[in-house]
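Enquirer: The structure that follows is given in the form of structure tokens.
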Amino acid sequence: MKILVTGHKGFIGSHVYEHLTQIGYEVDGLDRPDDIGDFKDDKMYSIVIHLAAYAALRDSVKNPDKFWENNVVKSQPIFDYCRKYNIRCLYASSAGAHGWWQNPYAITKKMNEIQAPPNSVGMRFFNVWAEEGSRDDMLYRMLQDNTAQYLTRHKRDWIHVHDVVRAICYLIPDKFRGVLDIGTGAGQFIKLCNALGHEAEGTEVQKRLDDPVNKIHTHYDLNLFELKVMKNEYITLPKKYDVITAFRTQFNDIRGIEFNSKDWLYWRDNMFDFLNTNGQILLKTNLKFLKPPRIGKLQNEIMKAFGKPILGWNSYTYHFTKS
């Protein structure tokens, strides 16, 4: 399969290009100093992943014509090519398209959704982040560098760039067409709770951006914090809970020391001490596959401790109940 990735030198595009190349696809890239407006339809591709765009929201307010020219006008030949040859097109939209009228950047993304060919997916990315490599204008990078010049009261839906890459890999062979939110919003958590037999209600971030996102937190009386775990170290939590949910779980501690099956059992029993009777633990593992050779040694250790997980939201999840 031959794939074209536009914007392959950018933040998201570079991760997508590298991953697709590593897993064996034949991948071409189109990015600066070449101009996407000079795109020629002299090569045939199975998939076009169109990520090239100007994305600095505040710059779009100062330079709206520049954003319209690059994001809308120069995207048209790419969309026309995909339409002409019925080539599947996965293109970067934005969560900002939910409120597209609020700034020039969001308007260009909404316009892309109108321009796009039938066999396409508009990927409405939420707040994409990574430990390294974020652009200077991205909020996560500004928080890292202490250069943020504004504060907001928003509760943001953050998604790691590696999860964005996984989402794109899922969409390549999929038959879905239309617009799709690419985030980790509460809607997926609610679906998992319901699948486990619990009644769960709440604001769906992806579909209800007109509601204040903090309703999700106040509705559930959630206590959100980062938990850094050391091997064989007992953790004291602020209080007892009905539900403890662990996201972005790693298979080693903050020093890089690997967890074995006994360490996982120790952690679970530690968490049980801070659960009310009949309380629940949902442990999101980052396991994506359950067949060798894609399960590594560390992943095997958690399965040795807890057995086979259930299919949760975008990866496998363990569910424990305190009796």
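Enquirer: Are there any pairs, at least 6 apart or on different chains, whose C-beta atoms fall under 8 Å, with the first in segment 94-109 and in a loop (DSSP other than H, G, I, E, B) and the second not acidic (Asp, Glu), and if so, which?
Expert: That search, which allows pairs on different chains as well, returns ASN103/LEU57; ASN103/SER60; ASN103/VAL61; ASN103/GLY96.
Enquirer: Only one residue in ALA92, ALA53 is touching a His at 6+ places or on another chain (Cβ under 8 Å), modelled with pLDDT of 95 or more and within 20 Å of PHE11 (Cα to Cα), so which one is that?
Expert: The unique qualifying residue is ALA92.
Enquirer: Residue check: is LEU287 at pLDDT below 75, open to solvent by 40 Å² or more (accessible area, probe 1.4 Å), over 28 Å from PRO238 (Cα atoms) and within 24 Å of the chain's Cα centre (by Cα)? Step through it out loud before you land on a result.
Expert: Working: at pLDDT below 75: yes; open to solvent by 40 Å² or more (accessible area, probe 1.4 Å): no; over 28 Å from PRO238 (Cα atoms): yes; within 24 Å of the chain's Cα centre (by Cα): yes.
When the stated conditions are applied, LEU287 does not pass them.
Enquirer: Then there's this: I'd like to verify a number: residues in segment 31-67 that are within 30 Å of LYS175 (Cβ to Cβ) and more than 28 Å from the chain's Cα centre (by Cα), how many?
Expert: Count: 6.
Enquirer: Any residue in segment 22-45 that is assigned to a strand (DSSP E or B) and in contact (Cβ under 8 Å) with a residue 40 or more places away in the chain?
Expert: no
Enquirer: Still on this structure, I have one more. Can you tell me which residue among TYR45, TYR54, TYR17 is within 21 Å of ARG177 (Cα to Cα) and among the hydroxyl-bearing types (Ser, Thr, Tyr)?
Expert: TYR45
Enquirer: Continuing with this model, one more query. Can you tell me which residue in segment 80-93 is most open to solvent (accessible area, probe 1.4 Å), limited to those that are in a helix (DSSP H, G or I) and within 14 Å of ASN112 (Cβ to Cβ)? Don't jump to the end; show me each part of the working.
Expert: Of the residues in segment 80-93, the ones in a helix (DSSP H, G or I) are 80-85.
Checking the rest, the ones that are also within 14 Å of ASN112 (Cβ to Cβ) come to 80, 82-83.
Numbers: ASP80: 72, CYS82: 2, ARG83: 103 Å².
Taking the candidates together, the pick is ARG83.
Enquirer: If PRO77 meets every condition in (1) touching a residue at least 24 places away in the same chain (Cβ under 8 Å); (2) part of a loop (DSSP other than H, G, I, E, B) apart from one, which number is that one?
Expert: Unmet for PRO77, out of (1) touching a residue at least 24 places away in the same chain (Cβ under 8 Å); (2) part of a loop (DSSP other than H, G, I, E, B): (2).
Enquirer: Here is a further query. Answer yes or no as to whether LYS40 is surrounded by fewer than 18 Cβ atoms within 10 Å (Cβ to Cβ), out of contact with any strand residue (DSSP E or B) (no Cβ under 8 Å at 6 or more places or on another chain) and among the charged types (D, E, K, R).
Expert: Yes, satisfied.
Enquirer: For segment 1-35, name all the residues that are open to solvent by less than 60 Å² (accessible area, probe 1.4 Å), of a type in the set (Gly, Ala, Ser) and over 20 Å from MET138 (Cα atoms). Before you say what the answer is, go through the steps one by one.
Expert: At the first step, the residues of segment 1-35 found to be open to solvent by less than 60 Å² (accessible area, probe 1.4 Å) are 2-8, 10-16, 20, 27-31, 35.
Subset that is of a type in the set (Gly, Ala, Ser): 7, 10, 13-14, 29.
Matches in segment 1-35: GLY29 only.
Enquirer: Within segment 46-73, how many residues are farther than 13 Å from LYS109 by Cα and either free of Cβ contacts under 8 Å to residues at least 12 places away in the same chain or open to solvent by 40 Å² or more (accessible area, probe 1.4 Å) (or both)?
Expert: Counting residues in segment 46-73 that are farther than 13 Å from LYS109 by Cα and either free of Cβ contacts under 8 Å to residues at least 12 places away in the same chain or open to solvent by 40 Å² or more (accessible area, probe 1.4 Å) (or both) gives 8.
The values are calculated or read from the model by the stated rules, or taken from the named source; none is laboratory data. The model shown is predicted, which means the values in this text are computed figures rather than measured ones. Cβ atoms come from the backbone with ideal geometry, glycine included; neighbour counts cover every protein chain shown. These accessible areas exclude ligands, DNA and RNA; they are computed on the full protein's heavy atoms, side chains included. Shrake-Rupley method; radii C 1.70, N 1.55, O 1.52, S 1.80 Å.
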